[in-house]
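The values are calculated or read from the model by the stated rules, or taken from the named source; none is laboratory data. Just so you know, these numbers come straight off a predicted model, no measurement behind them. No Cβ is skipped: glycine too gets one built from the backbone with ideal geometry, and neighbour counts run over all protein chains shown. Note: accessible area is taken over every heavy atom of the protein model, side chains too, but ligands, DNA and RNA are not part of it. Shrake-Rupley method; radii C 1.70, N 1.55, O 1.52, S 1.80 Å.
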Amino acid sequence: MQDTPAEPVDQLELFRSSDLRIHNPQGGDWLHQLFFRGAAQTEEAVRTDGLFMLTLWFSVFFFVLLMGLMFYWVIKYRRRPGVPAPVSASHNGPLEIFWTVVPSSGLLVIFLLGFQGYMAKIVAPTNALTLNVTGLKWDWIITYPNGARSGYSTALGTKDSVKIFVLPEDTDVKLLMQSRDVIHAFWVPDYRTKIDLYPNRLTSHTFRTEKLREGEEYRDHWIFCAEYCGDQHSEMYGIFRVVSKDVYENVLDDWSTGNLSPVELGQVVFRNNCISCHSIDGSPNIGPTWLNAYGYERAISGGTSVLVDENYVRESILNPQAKVVAGYEGKIMTAFAGILSDDEINGVIAYYKTLSDKGPAPDEETEEDPANSEPPEGGE
Ligand code: CUA
């Protein structure tokens, strides 16, 4: 009995908690708080803040010095009636060298520290955990080394859902990033990192996750898109949840889609990719509901109609603009060609069919193993 199966389940519950623990103690003095709302969460981020403050004080020092001297001399040497203007000094070698070399060496220090910080965020240690990040209108997809995709969506507030991506604590992480459409920027304010994603080029960005404190179960960090990419730019957010290495392994096992039935796989894909735009209970959303869609005739844009069958669903996943349901013309959906595998698409189709009263009877799906008929890992 050393191996209690209950433990991983508890850890997964923990991971799925919708209780966001954004660890944001106000760090530093009022000036620091003015620029950074929360304290830096990694050593590298602390250095970034330090460099920012150095640059700021460097600028403040020279601004005050130069403006002060200017006003002092403007007043001291102002034109007075009856006093002829003195001839300006033409040249002073030592003075000019002094006021060139001193500020320049300050700038050089700022450059060297900035270069060091940039390299630290760009060059990953060879053993770093590499995650593939895809940005698309309007979502983040993260693929883990075991093939697991994305995160767990949980409710945030009353209506929105937020995707949670898990990270192991105290680990070097390298993000290999690409966009599927326009330029996005992956921004984790707590880590002070913000790197652009381009459609035809990989960019990378690396950081070392922090160590959790004794007894701390997890720590959350906001992810934002920092490049205006369209009308739902502000919806491109997510959470990095830093957990212990054990929990991380368990979550990845849970996400691994290796031995799921097609319907279960479809549910996982739905949860990770489709849930933000499509409902399964008939309620209105950005895209058409999946409830009672399969097997029905649907009016599509252009005045014709189409029978919603497997091929229609497949086509709509791969090329959403091919046949748009009437009334949804303006809504843009991501083309999933190249994102979802054939297995995953078939899983979505299988799941989609179970949501329609014209789909297979429910017992057809669960007959084989009634003990396992519960939806996997806490679905909706
Ligand atoms: Cu993606 Cu803004």
Item checked: Count - residues of the range 270-313 that are touching a helix residue (DSSP H, G or I) at 6+ places or on another chain (Cβ under 6 Å) and not hydrophobic (A, V, I, L, M, F, W, C) -> 2
Next item on the list: Go through the range 216-235 and give me each residue that's under 29 Å from Asp170 (Cα atoms), near the ligand (Cβ under 10 Å from one of its atoms) and among the hydrophobic types (A, V, I, L, M, F, W, C).
Entry: Phe224, Cys225, Ala226
Margin query: Would you confirm whether or not the range 246-258 contains a residue that is within 16 Å of the ligand (Cβ to nearest atom) and either in a strand (DSSP E or B) or surrounded by fewer than 19 Cβ atoms within 10 Å (Cβ to Cβ) (or both)?
Written below: no
Next item on the list: Find all pairs meeting these conditions: Cβ atoms under 6 angstrom apart; at least six residues apart or on different chains; first residue within the range 201-221 and over 29 Å from Met119 (Cβ atoms); second residue part of a strand (DSSP E or B).
Entry: Tyr218/Arg241; Tyr218/Val243
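Test of understanding: among Leu136, Leu167, Leu156, which residue is surrounded by 20 or more Cβ atoms within 10 Å (Cβ to Cβ), over 10 Å from the mean Cα position of the chain (by Cα) and either modelled with pLDDT of 90 or more or away from the ligand (no atom under 15 Å from the Cβ) (or both)? Talk me through it step by step, then tell me what you get.
On the way: Leu136 fails: either modelled with pLDDT of 90 or more or away from the ligand (no atom under 15 Å from the Cβ) (or both); Leu156 fails: surrounded by 20 or more Cβ atoms within 10 Å (Cβ to Cβ).
So the residue among Leu136, Leu167, Leu156 that is surrounded by 20 or more Cβ atoms within 10 Å (Cβ to Cβ), over 10 Å from the mean Cα position of the chain (by Cα) and either modelled with pLDDT of 90 or more or away from the ligand (no atom under 15 Å from the Cβ) (or both) is Leu167.
Quick check, is Ala124 farther than 15 Å from Glu44 by Cβ, surrounded by 16 or more Cβ atoms within 10 Å (Cβ to Cβ) and aliphatic (A, V, I, L, M)?
Numbers: farther than 15 Å from Glu44 by Cβ: no; surrounded by 16 or more Cβ atoms within 10 Å (Cβ to Cβ): yes; aliphatic (A, V, I, L, M): yes.
Against the criterion (farther than 15 Å from Glu44 by Cβ, surrounded by 16 or more Cβ atoms within 10 Å (Cβ to Cβ) and aliphatic (A, V, I, L, M)), Ala124 does not qualify.
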Margin query: Given the criterion among the polar types (S, T, N, Q), surrounded by 15 or more Cβ atoms within 10 Å (Cβ to Cβ) and under 24 Å from Pro145 (Cβ atoms), identify the matching residue among Thr209, Thr289.
Written below: Thr209
Check: So is Leu307 among the aliphatic types (A, V, I, L, M) and within 28 Å of the chain's Cα centre (by Cα) or not?
Finding: no
Notebook entry, point to check: Failed condition for Phe62, given (1) touching a Lys or Arg at 6+ places or on another chain (Cβ under 7 Å); (2) outside any loop (DSSP other than H, G, I, E, B); (3) open to solvent by less than 50 Å² (accessible area, probe 1.4 Å), with all others met?
Noted result: (1)
Check: Within the range 269-279, which residues are more than 14 Å from Ile317 (Cα to Cα) and open to solvent by 40 Å² or more (accessible area, probe 1.4 Å)?
Finding: Ser276
Check: For the range 193-206, what are the residues that are surrounded by fewer than 17 Cβ atoms within 10 Å (Cβ to Cβ) and either within 9 Å of the ligand (Cβ to nearest atom) or farther than 19 Å from Phe165 by Cα (or both)?
Finding: Tyr198, Pro199, Asn200, Arg201, Leu202
Notebook entry, point to check: Do we find a residue being touching a Lys or Arg at 6+ places or on another chain (Cβ under 9 Å), within 14 Å of Leu167 (Cα to Cα) and open to solvent by 40 Å² or more (accessible area, probe 1.4 Å) anywhere in the range 217-224?
Noted result: yes
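Going by the structure shown, is Ile332 at pLDDT below 80, under 24 Å from Asp181 (Cα atoms) and open to solvent by 20 Å² or more (accessible area, probe 1.4 Å)? Quick ask: steps written out before the conclusion?
Details: at pLDDT below 80: yes; under 24 Å from Asp181 (Cα atoms): yes; open to solvent by 20 Å² or more (accessible area, probe 1.4 Å): yes.
When the stated conditions are applied, Ile332 passes them.
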Notebook entry, point to check: Exactly one of (1) within 23 Å of Ala40 (Cα to Cα); (2) open to solvent by 50 Å² or more (accessible area, probe 1.4 Å); (3) within 10 Å of the ligand (Cβ to nearest atom) is unmet by Phe186. Its number?
Noted result: (2)
